[in-house]
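Derivation of every value follows stated rules applied to the coordinates shown; laboratory data play no part. Note that the coordinates shown come from a computational prediction; the quantities given were computed from them, not determined experimentally. Every residue, glycine as well, gets a Cβ built from its backbone with ideal geometry; the counts of neighbours run over all protein chains shown.
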Amino acid sequence: MIAFIASAMLVFAADANAAQASTSAADDKTRMVCKREHVVGSNRPKKVCLTKAQWDELEERAERAQNRSNATQDLSRANPGGR
């Protein structure tokens, strides 16, 4: 009987930990993160606050744009005459 109660407690504790982990992962994406960004033409950095998910999206877009740019440069080097 004691073993049954102990195993039931472990199952409930595991479920609670799993629920807490998924909640904290969701909270992490909605957490506000502020960064100081340097603005072109200004000596003073600007404070930009976005959620973690928004920062991740910006980084992903920048990486995709950089990859496209690199791919275009590679193609132009391989075919310098454009033919």
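Data for the structure
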quantity: Segment ASP56-ARG36, extension gain: residue separation times 0.36 nm, minus the distance between their alpha carbons; calculated: 5.6 nm
quantity: Cα-based equivalent ellipsoid of the stretch 29-70: semi-axis lengths in Å, sorted from largest, via gyration tensor; calculated: 21, 18, 4
quantity: Proximal charge balance of ASP28 [Cβ under 12 Å; K/R count +1, D/E count -1]; calculated: +1
quantity: Spatially proximal aspartates and glutamates relative to LYS52 (Cα-Cα < 16 Å; intrachain offsets below 8 disregarded); calculated: ASP27, ASP28, GLU37, GLU60
quantity: 3J(HN,Hα) from dihedral phi, the stretch 50-60, Karplus parametrisation 6.51/-1.76/1.60, rounded to Hz, x for glycine, proline; calculated: 9, 6, 4, 5, 5, 4, 4, 5, 4, 5, 5
quantity: For VAL33, distant residues with modelled amide H under 5 Å away; calculated: LEU50, THR51, LYS52
